[in-house]
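The values are calculated or read from the model by the stated rules, or taken from the named source; none is laboratory data. Remember, predicted model here, so these are calculated numbers, not experimental data. Because the Cβ atoms are built from the backbone with ideal geometry, glycine has one as well, and the counts that use them run over all protein chains shown.
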Amino acid sequence: MFSRINDINRMFGTMDLLRDRLFGEPDGPFSYHRGQVPSLPKTNLVENSDHFEIQAEVPGLSKEDLEIKLQGNYLEISGTRSIDSPEGYRVHRQERSANSFSRSFTLPDDVDDERVEAVLKDGILYLTLAKSETAKPKQITIN
């Protein structure tokens, strides 16, 4: 049995997250449901023979709000949105809430951490991750 109302809220929040994963996210790229469970930013990951490219939707965040960690083929993108009311104003409605997310990926190959590019433009985080030399395909000549 549930001993606290917070446990029940967390259960419903988890059920909402599952519903959103199965049927789409009606409230945006990373919003709270019942104030409990944040959903994650929508992300695309593609590759060619030289590098991986990632695009993640992070509207309303600046580069100071984001953190990117890379180790071998493990990538983690995290961020925090803070909502501050302007000085001297009284809040009548606040539908946008402060929240945070953390999204991790295991890439198919190792990445050269010296050749990573990150650009934030129009609410989209663009990452270009060059594959390590050992991960790139090699052409073998036959003698």
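The residue that is farthest from Glu76 (Cα to Cα), counting only those in segment 24-60 that are at pLDDT 80 or above and among the β-branched types (Val, Ile, Thr), is Val46. Count of segment 75-98 residues, restricted to those that are touching a residue at least 12 places away in the same chain (Cβ under 8 Å) and out of contact with any Ser or Thr (no Cβ under 6 Å at 6 or more places or on another chain), is 8. For beta carbons closer than 6 Å, sequence separation of 6+ or different chains, a first residue in segment 1-23 that is at pLDDT below 65 and a second that is among the β-branched types (Val, Ile, Thr), the qualifying pairs are Phe2/Ile8. In this structure, is Glu87 touching a Leu at 6+ places or on another chain (Cβ under 8 Å), at pLDDT 80 or above and acidic (Asp, Glu)? When the stated conditions are applied, Glu87 does not pass them. Answer yes if at least one residue in segment 99-108 is in contact (Cβ under 8 Å) with a residue 12 or more places away in the chain, farther than 30 Å from Ile83 by Cβ and part of a loop (DSSP other than H, G, I, E, B), and no otherwise. Yes: segment 99-108 contains one or more residues that are in contact (Cβ under 8 Å) with a residue 12 or more places away in the chain, farther than 30 Å from Ile83 by Cβ and part of a loop (DSSP other than H, G, I, E, B).
Remark: pairs (first residue in segment 41-55, in contact (Cβ under 8 Å) with a residue 12 or more places away in the chain; second residue assigned to a strand (DSSP E or B) and of a type in the set (Gly, Ala, Ser); Cβ separation under 7 Å; 6+ apart in sequence or on different chains) = Pro41/Ala56; Thr43/Ala56; Asp50/Ala130; His51/Ala130.
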